[in-house]
Amino acid sequence: MKSFIPNIDKQQTVISIRGLYKSFGSNHVLRGVDLDLHRGENIVVLGRSGTGKSVLIKVIVGLLYPDAGTVRVLEQEVPELGAHALRNLRLKVGFCFQHGALYDSMTVGENLAFPLKRNEPGMTRKERDKRIEMVLEAIGLSHTIHQMPAELSGGQRKRIGIGRTLILRPEIMLYDEPTAGLDPITCTEINDLINEVQHRFKTSSIIITHDLTCAKSTGDTIAVLKEGWFIRQGNFDDVFSSDEALIREFYEYNFIQ
Ligand SMILES: Nc1ncnc2c1ncn2[C@@H]1O[C@H](COP(=O)(O)OP(=O)(O)OP(=O)(O)O)[C@@H](O)[C@H]1O
């Protein structure tokens with residue numbers, strides 16, 4: 001379980017979704033999704049492969065248009081936003097790709113500088129270097145600044161991927177399977193980092209995973225996506241204590257992975 005009590009503002013939702021439907025032809029992926037992410041909260045979206053977790057995230061950042069329902073992010077109705085407003089919103093919603101999505105031909109420092117040069121062109125070199133140093137220190141990888149991604153371990157690349165998202169100081173973090181493909185010790189380090197980011201940068205996060213350990217250690221709220229909607233939402237113990245079949249399903253899945 002988490003080692004600190006996060007400061008969650010239950011009065012303030014940063015993401016609010018009601019009655020979300022999304023189909024692709026006859027494939028009805030999301031069928032009435034409701035979700036509230038509060039300021040300061042980590043929500044884990046737990047679901048087996050193909051249940052629509054990525055579709056949900058894409059709707060949240062405006063990459064997919066919903067068939068029905070409302071999707072409100074940082075006080076804005078996402079499906080109604082034009083390209084400019086959507087671009088601005090996406091700067092406040094950081095997406096951590098599953099494989100880090102680092103540029104192999106750039107050093108760690110250059111990878112972190114890249115989003116700053118593109119999105120904060122008014123920044124001086126000194127300000128940029130300071131931000132990069134601060135983020136590298138936060139993710140515990142200051143010594144890698146001149147290294148190439150190929151020289152890093154899988155866990156370190158994941159951390160740099162998280163750092164590259166943090167560098168723009170987003171209000172919301174979206175993590176796509178942050179522990180996929182990592183050994184158990186590295187998984188624990190990434191889970192700790194997700195909590196550290198929540199604590200230190202006051203972010204609100206959605207963490208997509210089918211890793212129960214990740215869910216238990218990072219989630220203030222667990223939302224279980226199945227057959228197009230959230231069949232359970234609550235803290236880990238509430239969600240799993242009463243339903244043996246559900247927990248077995250995920251344990252079996254974790255062993256298969
Ligand atoms: N652009 C698209 N066009 C057609 N079908 C799509 C599209 N995007 C997703 N789907 C379908 O939506 C369903 C849910 O896909 P999604 O990628 O959201 O699953 P997931 O829960 O993220 O799975 P995984 O854990 O394997 O990443 C799948 O059946 C997929 O084929």
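The values are calculated or read from the model by the stated rules, or taken from the named source; none is laboratory data. Please read these numbers as outputs of a predicted model, since none were measured by experiment. Here the Cβ positions follow ideal geometry from the backbone for every residue, glycine too, while neighbour counts run over all protein chains shown.
Here are a few things to note about the model shown:
- Selection over the stretch 89-127 of residues that are β-branched (Val, Ile, Thr) and free of Cβ contacts under 8 Å to residues at least 24 places away in the same chain gives a count of 1.
- Take the conditions (1) more than 16 Å from the ligand (Cβ to nearest atom); (2) touching a residue at least 40 places away in the same chain (Cβ under 8 Å); Cys214 misses just one of them, which is (1).
- Test: residue in the stretch 169-179 that is part of a helix (DSSP H, G or I) and modelled with pLDDT under 95: no
- The stretch 139-156, residues that are loosely packed, with under 12 Cβ neighbours inside 10 Å and among the hydroxyl-bearing types (Ser, Thr, Tyr): Ser153
- Options Val93, Val44, Val61, Val73: the member that is within 16 Å of the ligand (Cβ to nearest atom), within 13 Å of Ile206 (Cβ to Cβ) and buried (at least 20 other Cβ atoms within 10 Å of the Cβ): Val44
- Single condition Ile15 does not satisfy, out of (1) aliphatic (A, V, I, L, M); (2) within 15 Å of the ligand (Cβ to nearest atom); (3) under 25 Å from Phe201 (Cα atoms): (2)
- Across the stretch 40-49, a minimum of one residue is classified as touching a strand residue (DSSP E or B) at 6+ places or on another chain (Cβ under 6 Å), assigned to a loop (DSSP other than H, G, I, E, B) and under 21 Å from Arg169 (Cα atoms).
- Of all residues in the stretch 26-40, none are away from the ligand (no atom under 16 Å from the Cβ), of a type in the set (Val, Ile, Thr) and in contact (Cβ under 8 Å) with a residue 40 or more places away in the chain.
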